[in-house]
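Only one structure is covered here, and it is reproduced in the block below.
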Amino acid sequence: MASKGPRPLVAGNWKMNGSLAMLREPRLLAAMLKDVRLKADVMVCPPAILIRRVKSVLKGSKIKVGGQDCHWNAAGAHTGDISADMLKEAGCTAVIVGHSERRANHGETDEIVARKARAVQKAGLKAIICIGETLEERKAGKTLDVVARQIKGSLPHESAASDTVIAYEPVWAIGTGLTPTTAEVAEVHALIRNELGGLMSNDGAGVRILYGGSVKPSNAGDLMSLPNVNGALVGGASLKAADFLGIIKVFA
Ligand code: 13P
């Protein structure tokens, strides 16, 4: 695929899935990608406890590893949490923040997401900041307002194109098999690009804007060719090397 703008990124979010047995999938993926020249970066974001194992399985490959969430503090009395520095030490180059499942299940607000994103950037990693409307909001015609509000509230002021990725994930498209039309995706991505221009001036053009929500090999070609779509954040289809490869190959 001919790519204009920033180099695309295809990132797999394993969510709370994975096991030692599942390490065969990234191992397989690395082998399948060995001789493929890609016009995109590839990343997998396993559960924190598997990061070092995945990293070791991917040794020698170009596939990067990311975290799924972190605390906004670098260290301290936060039982059960993990910091961006710890993720960095484990070999991560990026951390997903503000995923809709975190927003919905852990009450994360835009302000919390911005604090987490800032912590990720301060650690020298890329923050993959997720935003997206619910079905109710889309039906009420509020999509663009919601997305604009989330991006303004979740993006740290000092963000740069080099340490920021935006993932547009309509909540109703996650894990449902439903996707917005290509026109709807293009409309939201254009709005995000425009907002980034306002918030980051020239740097806004260099930020990768990923689409996420039921991306699979059969729809990736259409979605990834849209203007201002610079890759994908993939859930379910990133768990099997063959499916993930089918998406990644759009950029071969
Ligand atoms: P699915 O690809 O399973 O719809 O999940 C998308 C997602 O939430 C990635 O972060």
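Values quoted throughout were computed directly from the atomic coordinates according to the rules given, and no laboratory measurement underlies them. All values derive from a computational prediction rather than experimental measurement. Virtual Cβ from ideal backbone geometry, glycine too; neighbours counted across all protein chains shown.
Site pair Ala161 and Arg7 shows an inter-label distance of 1.3 nm when each label is modelled 7 Å from Cα along Cα→Cβ. The charge dipole of the chain, taken about its Cα centre with unit charges on the Cβ atoms of Lys, Arg (+1), Asp and Glu (-1) only, comes to about 980 debye. Bridging of Lys240 to aspartates and glutamates at a Cα separation below 14 Å is possible for Glu25, once same-chain residues fewer than 8 apart are set aside.
If the label point is 7 Å along Cα→Cβ of Glu184, which residues in the stretch 130-146 have backbone nitrogen under 12 Å from it? Residues passing the 12 Å test: 133-144.
Between the amide H of Arg208 and those of Ile166, distances stay under 5 Å, these residues lying 5 or more places away or on another chain, with hydrogens modeled in the peptide plane. For the chain, the square roots of the Cα gyration tensor eigenvalues, ordered a ≥ b ≥ c, give a/c below 1.5, which places it in the rounded category. Between Ile49 and Ala205, the contour length at 0.36 nm per residue exceeds the Cα-Cα span by 52.7 nm.
For the stretch 52-180, the Cβ-based charge dipole about the Cα centre amounts to some 540 debye (Lys, Arg positive; Asp, Glu negative; other atoms uncharged). Once you reduce the stretch 1-57 and the stretch 190-252 to the center of their Cα atoms, the two points are 15 Å from each other.
Measuring spread by the Cα atoms of the stretch 140-188 yields a radius of gyration and Dmax of 12.7, 36 Å. Scoring 52-62, 235-245, 209-219 by mean Cβ neighbours within 10 Å over their residues and listing the highest first yields 209-219, 235-245, 52-62. Computing FRET efficiency as 1/(1 + (r/R0)^6) for Ala75 and Met16, where r is the C-beta to C-beta distance and R0 is 22 Å, gives about 0.35.
Distance between the pseudo-spin-label points of Ser218 and Ala104 (7 Å out from Cα toward the beta carbon): 2.3 nm.
For the chain, what does the helix formula give at 222 nm: sum of -39500 (n - 2.57) over DSSP H segments with n ≥ 4, over the residue count, nearest 500 deg cm²/dmol? Working shown, then result.
Details: 10 runs with 94 residues, N = 252.
Calculated from helices alone, the mean residue ellipticity at 222 nm is -10500 deg cm²/dmol.
Note on Arg24 and Lys39: the extension gain reaches 2.9 nm, defined as 0.36 nm multiplied by sequence separation minus the Cα-Cα distance.
Under 8 Å for C-alpha pairs, at least 6 residues apart: give me the relative contact order for the chain, rounded to a whole percent.
On the way: 521 pairs, mean separation 55.3, N = 252.
Relative contact order of the chain: 22 percent.
Label sites at Ala252 and Glu89, each approximated as a point 7 angstrom past Cα along Cα to Cβ, lie 3.9 nm apart. Just list whichever of Lys122/Lys249; Lys55/Lys152; Lys39/Lys116; Lys34/Lys126 have alpha carbons separated by over 31 Å in the model shown. Cα-Cα > 31 Å for Lys122/Lys249; Lys55/Lys152; rest within. Per-residue 3J(HN,Hα) values for the stretch 89-100, derived from phi via the Karplus relation 6.51 cos²θ - 1.76 cosθ + 1.60 with θ = phi - 60°, read 4, 7, x, 6, 10, 8, 9, 6, 10, x, 4, 4 Hz in sequence order (x marks Gly and Pro).
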